[in-house]
Amino acid sequence: MKLLFIGDIVGAVGRHIVAQRLPYYKSLYEVDFVVANGENAAHGKGLTKKVVNQLLASGIDVITLGNHSYSKKDVYDLDTALPLCFPGNMVGRFQDRHTVVLEKGDIKFAISSVYGAVFMDNVDFSPFIMMDRILKQYPDHAHIIDFHGEATAEKQAFMHYYKDQVSAVLGTHTHVQTVDADIFNGCAYISDVGMCGGYISILGRDLEEALDMIVHQKQTHYKPASSPALFSGVMIDFDENMRAVSIERIYEKPSENLR
Ligand SMILES: [Fe+2]
Ligand SMILES: [Fe+2]
């Protein structure tokens, strides 16, 4: 059973590169299901109805979120049946909608969004309390966790604490892919999957605007980068016992003549 997990999709260029490259990766790896972090998909922050429809139409099965879950008002009017995972331990109206169950043959996957408590805003309670609740709520499932957090130490601690009970802990939020993808006791792990968004940018944000803010302390709005995009993800293979057997990083940069 193969899962393709895609890192934070940032703005229109991120959505576009996903729509463009997903069919290729799906057929190359014979992917069974696709999960993507969509917290930055609508102009860099949050989701709209149009954007959710676009992401699902491009071949994504489940969309996970993060600190930007509620940035667009549209989110409050979205159909509750949509396959969206809101961070369960972050303050917000939909924190009870943290898990989406996907049945694949005899296997029931529970895909959940858990939120880091270190260097993050609007933390409601500990990610460890959250995970204990998820395990109680979904006792017979293979657990895929999007751990949305800043601190690599917290992500590693979370994975080692739960590695025997969950099938994957995949970090999101920093937008920079880490090289530590590996399997620990049958649990796939990476500190951060990375992003799909403009390559010449600051974490997917327009370079000039980000420099104005960081270097010159100017007031700015969020403008996603429009430069050719990077595609970041991980491919994970699970055995019949729902344990991960391999994880492979995907990090596809735009060719140099396009940058
Ligand atoms: Fe993000
Ligand atoms: Fe985030």
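The values are calculated or read from the model by the stated rules, or taken from the named source; none is laboratory data. A quick note: this is a predicted structure, and the numbers were derived from the prediction, not measured. Please note that ligands, DNA and RNA were not included when accessible areas were found on the heavy atoms of the full protein model with its side chains. Shrake-Rupley method; radii C 1.70, N 1.55, O 1.52, S 1.80 Å.
Among N53, N37, N67, the largest mean-square fluctuation in a Gaussian network model of the chain (Cα springs under 10 Å) belongs to N53.
Which of rounded, prolate or oblate describes region 27-154 when judged by the alpha-carbon gyration tensor and an a/c cut-off of 1.5? Cα axes put region 27-154 in the oblate bin. Looking at the chain as a GNM with Cα springs under 10 Å, which of H175, H160, H148 has the largest mean-square fluctuation? Top of the fluctuation ranking is H160. Once C-alpha pairs closer than 8 Å and six or more residues apart are averaged by separation and normalised to the residue number of region 130-239, the relative contact order reads 20 percent.
Could you tell me the relative contact order of the chain? Use alpha-carbon pairs under 8 Å, at least six residues apart, and round to a whole percent. Before the final figure, lay out the partial values.
On the way: 642 pairs, mean separation 50.0, N = 259.
About 19 percent, as a whole number.
Partners of K2 within straight-line reach, counting aspartates and glutamates whose Cα lies under 12 Å from its Cα and excluding those fewer than 8 residues away in the same chain: E30, D32, D237, D239, E240, E248. Straight-distance candidates among the aspartates and glutamates for linking to K155, with alpha-carbon spacing under 18 Å and chain neighbours fewer than 8 residues away dropped: D8, D121, D124, D132, D146, D164, D180, D182, D192.
Largest first, how would V100, V193 line up by accessible area (1.4 Å probe)? Please report the intermediate quantities before stating the final value.
Values: V100 25, V193 0 Å².
Final ranking, largest accessible area leading: V100, V193.
Diagonalising the gyration tensor over the Cα atoms of region 207-259 and scaling each eigenvalue by 5 before taking the square root yields semi-axes of 37, 16, 8 Å, largest first.
What whole-number value in Å² describes the accessible area per residue of region 180-259 for a 1.4 Å probe? If you can, show how the numbers build up before the last one.
Working: 4090 Å² over 80 residues.
Each residue of region 180-259 exposes 51 Å² on average to a 1.4 Å probe.
Counting only DSSP beta bridges with both residues in the chain, the antiparallel share comes to about 50 percent.
Could you compute Rg(Cα) / (2.2 N^0.38 Å) for the chain, with N its residue count? Don't skip to the answer; put the middle values down first.
Values: Rg = 17.1 Å, N = 259, 2.2 N^0.38 = 18.2 Å.
Ratio of Cα Rg to 2.2 N^0.38 Å: 0.94.
Oblate is the label for region 37-106, because a/c, from the alpha-carbon gyration tensor with a ≥ b ≥ c as root eigenvalues, is 1.5 or above and a/b does not exceed b/c.
Taking L82, L203, L65 as the candidate residues, the one with maximal mean-square fluctuation in a Gaussian network model of the chain, Cα springs under 10 Å, is L82. Nonpolar atom fraction for the chain, defined as the carbon and sulfur part of the 1.4 Å probe accessible area, stands at 49 percent. Taking a straight Cα-Cα cut-off under 16 Å and skipping sequence neighbours fewer than 8 places away in the same chain, the lysines within cross-link reach of K223 are K45, K72.
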